[in-house]
Structures are given as C-alpha cells and as structure tokens.
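Asker: I have a structure here, written as structure tokens, and I will follow up with some questions on it.
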Amino acid sequence: RLLLNVPTEARAALPIENKPAIPYEVLTISSQIEQEQVYLGDLVGDPHTFEFSIGTEMELVVNLSQKPGLEIIPLSLIVVKLNDNRRGVVEMGRLSAEDNNWHKYRDSVLGVSLLGSETFSLNLGAGIYKLEVSSAENLGKYMMLIGSKPSSDGYFTTLRQIRIIQAYFDYSTFRILLSSYVYYPLGIILLIGLFYFTWRTRGRVTKVINYD
C-alpha cells in the first residue's frame with residue numbers, strides 16, 4: 001500500500017491534444033466542465049476553438065500554462081454563448097493578453113516549472129458555448145486546464161499523463177524522475193530496502209559475536 005503515500009492532486013484522465021485539421025476547426029469537449037480536463041495545443045497561425053454544452057448552471061474555471069522561454073506567449077481566451085439556432089453569439093467573458101499576469105510556478109507532480117496564467121472563471125447557465133485560445137501571432141504551445149474538481153484515474157494512468165505533458169513541452173524521458181509521483185514511492189522503497197539491509201546486517205553481526 002505504498003502508493004497511498006503519493007500526492008493526491010492527480011489530474012483526471014489523459015490529456016487531449018487539439019490538432020485542428022483545418023483552420024478554426026472546433027473541438028467538442030466534455031460537458032463536465034467542473035471536472036478537471038487537460039488540453040494541449042500548439043498554435044500555428046490560427047486560434048484554437050473548443051465547444052461544450054451544459055444543461056444546468058455550472059462554474060467554468062480555466063487556467064493556461066506554457067513552458068518558460070525567452071519570451072512569454074501573450075495568450076488570451078474568450079468565452080461566447082451561441083444564440084438559439086446557432087445564429088450569432090453573446091460574449092460571456094474574456095481574459096485578454098494585457099490583463100493576463102503570468103507567474104512562474106513549480107508543478108511537483110509534473111516535475112517541471114511552468115508559467116501560469118491568471119485563473120479565469122465564469123458562472124454559466126444552460127446552453128452551448130465556445131471557448132477560444134489565441135495570441136497576437138497565434139504561435140506557440142500551451143496547456144489548458146478546465147475545471148477545479150480533481151479526481152484520480154489511478155497511479156499508472158497519472159504517470160502516463162505526466163509523461164505526455166512533459167514530452168509535449170519537449171522535456172526528456174528522464175524528467176519523469178523529478179515527478180513527486182515517482183520520487184516519493186522510490187524514496188519509500190529505498191528506505192524500506194535500507195532498513196531491511198541494516199536489519200539483516202545487524203543480525204549477521206550478532207550471530208558472529210554470539211558464535212565467538
């Protein structure tokens with residue numbers, strides 16, 4: 001039961017990479033927007049658009065992250081609600097690049113340092129919504145975390161998620177060793193091994209002394 005001692009902030013499910021086949025292609029995401037969902041994207045000239053529908057009032061919470069570099073990608077996002085029959089939209093809220101104060105943070109589970117955006121939140125009623133991520137030049141990689149209710153899909157699924165995100169931001173395979181999901185269990189195993197080795201060695205020394 002060593003795994004009970006690993007961190008509990010495991011994210012739900014595996015990350016989904018948004019890879020539009022054509023410009024402005026819409027990716028439909030889960031309606032469970034209060035549950036954590038991770039999306040990875042690489043802007044290559046056009047904004048990324050996500051769509052979701054909800055049948056009751058929910059809170060939308062969004063956090064953007066990017067790999068630290070020489071320059072910060074000025075990411076922004078906007079949420080709109082589709083009118084009946086999808087004729088026109090109404091803006092619900094936005095996080096502009098000018099208002100987005102990026103901060104550097106260490107994600108112990110991922111084992112990497114990232115730049116995090118301001119937390120964006122909205123209370124939404126039933127309806128169909130679109131969320132768009134963009135920047136001035138629409139270039140660069142990002143991670144989008146939707147939802148604020150974490151859940152765990154198990155230890156090995158979480159390890160897969162960690163490695164997918166690390167690889168997406170071009171971190172080597174060995175970076176997995178810096179994840180708390182790896183070094184905590186390894187540390188416990190090493191301590192148990194050290195305790196066992198010490199106990200066996202002490203037992204042998206005691207037998208030798210008693211024999212003499």
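The values are calculated or read from the model by the stated rules, or taken from the named source; none is laboratory data. The model shown is predicted, which means the values in this text are computed figures rather than measured ones. Every residue, glycine among them, receives a Cβ derived from its backbone with ideal geometry; neighbour counts consider all protein chains shown. Only protein heavy atoms, including side chains, enter the accessible area calculation; ligands, DNA and RNA are left aside. Shrake-Rupley method; radii C 1.70, N 1.55, O 1.52, S 1.80 Å.
Asker: Of all the residues that make up region 141-154, how many are of a type outside the set (Val, Ile, Thr), open to solvent by less than 20 Å² (accessible area, probe 1.4 Å) and either in a strand (DSSP E or B) or within 16 Å of Ser96 (Cβ to Cβ) (or both)?
Answerer: First, pick out the residues of region 141-154 that are of a type outside the set (Val, Ile, Thr): 141-145, 147-154.
Within this subset, residues satisfying the condition of being open to solvent by less than 20 Å² (accessible area, probe 1.4 Å) are 142-144, 147.
With either in a strand (DSSP E or B) or within 16 Å of Ser96 (Cβ to Cβ) (or both) added as a condition, the list becomes 142-144.
Qualifying residue count for the region: 3.
Asker: From the list Glu91, Glu71, Glu59, which one is open to solvent by 70 Å² or more (accessible area, probe 1.4 Å), free of Cβ contacts under 8 Å to residues at least 24 places away in the same chain and not in a loop (DSSP other than H, G, I, E, B)? Write out each step before concluding.
Answerer: Values: Glu71 fails: not in a loop (DSSP other than H, G, I, E, B); Glu59 fails: free of Cβ contacts under 8 Å to residues at least 24 places away in the same chain.
Unique residue meeting the criteria: Glu91.
Asker: Considering only residues that are assigned to a strand (DSSP E or B) and polar (S, T, N, Q), look in region 41-56 and name the one that is nearest to Asn18 (Cα to Cα). Give the steps one after another, and end with the answer.
Answerer: In the first step, residues of region 41-56 are kept if they are assigned to a strand (DSSP E or B); the result is 41-44, 48-54.
Then keep just the ones that are polar (S, T, N, Q); that gives 49, 53.
Values: Thr49: 9, Ser53: 18 Å.
The residue in question is Thr49.
Asker: Out of everything in region 102-123 that is in a loop (DSSP other than H, G, I, E, B) and modelled with pLDDT under 90, what residue ends up being nearest to Lys149 (Cα to Cα)? Break it down stepwise before answering.
Answerer: We begin by selecting, within region 102-123, every residue in a loop (DSSP other than H, G, I, E, B); these are 102, 108-111, 117-119.
So of that shortlist, the ones also modelled with pLDDT under 90 come out as 108-111.
Working: Ser108: 18, Val109: 16, Leu110: 18, Gly111: 21 Å.
Checking each candidate, the answer is Val109.
Asker: Return only the number of the condition from (1) exposed (fewer than 13 other Cβ atoms within 10 Å of the Cβ); (2) touching a residue at least 24 places away in the same chain (Cβ under 8 Å); (3) part of a helix (DSSP H, G or I) that Thr157 does not satisfy.
Answerer: Looking at each condition in turn, Thr157 falls short on (1).
Asker: How many residues are under 15 Å from the mean Cα position of the chain (by Cα) and free of Cβ contacts under 8 Å to residues at least 60 places away in the same chain if we restrict to region 17-46?
Answerer: Going through region 17-46 one residue at a time, the tally reaches 1.
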